[in-house]
1. When Rg is the radius of gyration of the Cα atoms in the stretch 313-391 and Rh is its Kirkwood radius, what does Rg/Rh come to?
2. Of Lys56/Lys281; Lys56/Lys218; Lys218/Lys413, which pairs sit farther than 23 Å apart, going by alpha carbon to alpha carbon?
3. Using a 1.4 angstrom probe, figure out how much accessible area the chain has per residue, in square angstrom, rounded to the nearest whole.
4. Say R0 is 45 Å: what FRET efficiency, to the nearest 0.05, do Val61 and Glu415 get from their beta-carbon distance?
5. For the chain, what % of the accessible area comes from carbon and sulfur atoms, probe 1.4 Å?
6. Just to be sure I understand the model, the point goes 7 Å from the Cα along the line to the Cβ. What's the resulting Glu263 to Ala406 distance in nm?
7. Over the alpha-carbon set of the stretch 1-148, work out the extent along each principal axis and list the three values in angstrom, largest first.
8. Please sort by residue number the trypsin sites (Lys or Arg not before Pro) in the stretch 376-477 whose DSSP state is loop and whose Cβ has at most 13 other Cβ atoms within 10 Å.
Amino acid sequence: MTAAPGRPYDRVLEAIARYALGAEVGGEEAYATARNAAADALGCAVLALRFPECAKLLGPVVPGTVVPHGARVPGTRLELDPVSAAFATGACIRWLDFNDTWLAAEWGHPSDNLGGILAAADHVSRARRARGEPPLRGRDVLTAMIKAYEIQGVLALDNAFNRAGLDHVLLVRVATAAVVAALLGGRPGEVLAAVSNAFVDGGALRAYRHAPDTGSRKSWAAGDATSRGLRLALMALRGEMGYPSALTAPTWGFQDALFGGREITLARPLGSYVMEHVLFKIAFPAEFHAQTAVEAALALHPEVTGRLADVERVTLTTQEPAIRIIAKAGPLTNPADRDHCLQYMVAVALLKGRLTAEDYEDAAAADPRIDALRGRMEVVEDPRYTREYLDPERRSIANAVQVRFAGGEATRKVEVEYPLGHRRRRAEGIPLLERKLRDNLATRFPAAQAARILDLLLDQARLEATPVDDLAGLLVI
């Protein structure tokens with residue numbers, strides 16, 4: 001059973017299912033960007049394994065569990081059931097806030113979906129091989145990624161779930177459920193069942209992203225969401241029913257119960273727009289509304305580092321979302337709090353001329369100069385920055401930084417409108433994204449293995465032709 005007989009599904013659910021089941025989407029640019037996105041996400045996952053707070057969350061639910069044809073977790077020796085593997089891979093991808101980003105009315109990180117996609121594809125490919133059937137290929141994973149990015153990102157264009165207090169990982173669960181159900185051969189009714197159940201699950205609260213409860217759950221929430229999407233897809237393929245009016249049912253549907261009665265819409269036809277416009281985090285792990293602020297602060301570091309005692313005021317000029325989401329005064333209690341604080345990130349960049357994942361840890365945060373500098377900061381909105389942030393033709397994420405010293409002297413005002421990972425800076429950014437991947441792989445793999453992984457991930461044709469289980473096997477440490 002997939003739903004009550006004769007009842008049509010909500011239009012948005014129908015559109016998502018049709019798209020997920022459709023043919024390959026996008027052209028050369030979409031697939032090249034998808035390869036870069038997959039490679040970058042895997043590099044982020046590998047880097048996160050250096051952090052014990054992340055590594056402790058990985059592994060089977062019951063220690064010692066053996067799973068025939070299990071899904072592998074990149075950078076480890078773990079072979080888990082696909083749902084557990086999706087959680088582990090997704091949590092690692094997201095842990096350091098270093099994977100790609102999408103900014104709109106709602107924001108999020110589309111490569112979070114790779115946890116569920118890769119786990120499902122690896123497990124199914126190994127099972128198929130055991131039966132003498134052909135495995136899925138890298139091209140299948142990239143196609144699923146393009147579709148997951150599009151579902152998540154287009155839903156985010158006009159629907160501000162965060163304004164209703166709901167976390168953006170809701171859209172990871174929806175997108176993963178849709179594309180994995182299709183990837184695994186689901187029929188239309190089964191894909192609809194998976195997507196409708198993803199909305200029936202409701203949304204996680206944003207409490208763990210904001211004071212006074214900012215915490216590490218924000219680093220594994222996406223892994224939880226992509227694993228849940230995979231779980232719902234697997235249930236649908238076993239015949240679990242769907243809910244046709246999951247969005248629109250009066251009182252009890254998602255729109256009335258959780259979205260203030262507002263209609264959930266798709267702002268544009270589903271294609272490959274999101275993948276082609278996705279934002280990469282290249283130079284440093286920083287919440288994306290702050291990326292250009294950190295870049296500006298790094299430019300000012302040489303002018304400030306020898307004059308810290310003379311700093312009178314640091315003016316951060318930014319967009320409204322940055323003020324609402326990441327402008328924080330007062331104590332910051334943990335790394336999850338610090339990597340979502342505009343002033344902390346700028347302070348570290350001004351002081352040290354760098355910003356790394358280690359700079360959010362307790363030992364680095366104990367440097368009294370950071371909070372002293374934060375205390376001299378003012379954050380102001382430039383309405384133009386906000387307008388151009390919301391403009392679909394520009395999608396800038398502008399920030400400016402200026403430092404004033406005692407006696408009236410000031411640095412230049414450094415303004416950066418488009419971050420290094422923006423589509424408008426692709427030519428500049430992609431070589432650095434590849435260097436980031438090389439550096440991340442070197443933190444986990446022996447040199448020869450890291451070189452083999454790098455060669456495969458940078459070769460479009462070879463990656464697309466590679467069986468998924470061979471790719472996953474290459475990533476085993």
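1. Numbers: Rg = 12.9 Å, Rh = 13.1 Å.
Reported Rg/Rh (Cα atoms, Kirkwood Rh): 0.99.
2. Details: Lys56/Lys281 25 Å; Lys56/Lys218 16 Å; Lys218/Lys413 33 Å.
From the list (Lys56/Lys281; Lys56/Lys218; Lys218/Lys413), the Cα-Cα distance tops 23 Å for Lys56/Lys281; Lys218/Lys413.
3. Values: 17930 Å² over 477 residues.
With the other protein chains kept in place, the chain gives 38 Å² per residue.
4. Numbers: r = 49 Å, r/R0 = 1.10.
FRET efficiency, Val61 to Glu415: 0.35.
5. Values: 9480 of 17930 Å².
Ligands and nucleic acids excluded, carbon and sulfur reach 53 percent.
6. That separation, rounded to one decimal, is 6.1 nm.
7. Largest first, the stretch 1-148 extends 48, 39, 31 Å along its Cα principal axes.
8. Numbers: sites: Arg376, Arg384, Arg387, Arg394, Arg395, Arg404, Arg412, Lys413, Arg423, Arg424, Arg425, Arg426, Arg435, Lys436, Arg438, Arg444, Arg452, Arg462; in loops: Arg376, Arg394, Arg395, Arg412, Lys413, Arg444.
Sites meeting the loop and neighbour criteria: Arg412, Lys413.
The values are calculated or read from the model by the stated rules, or taken from the named source; none is laboratory data. Just so you know, these numbers come straight off a predicted model, no measurement behind them. Quick reminder, even Gly has a Cβ in these numbers, built from the backbone with ideal geometry, and neighbours come from all protein chains shown. Protein only, heavy atoms only, side chains kept; ligands, DNA and RNA dropped before computing areas. Shrake-Rupley method; radii C 1.70, N 1.55, O 1.52, S 1.80 Å.
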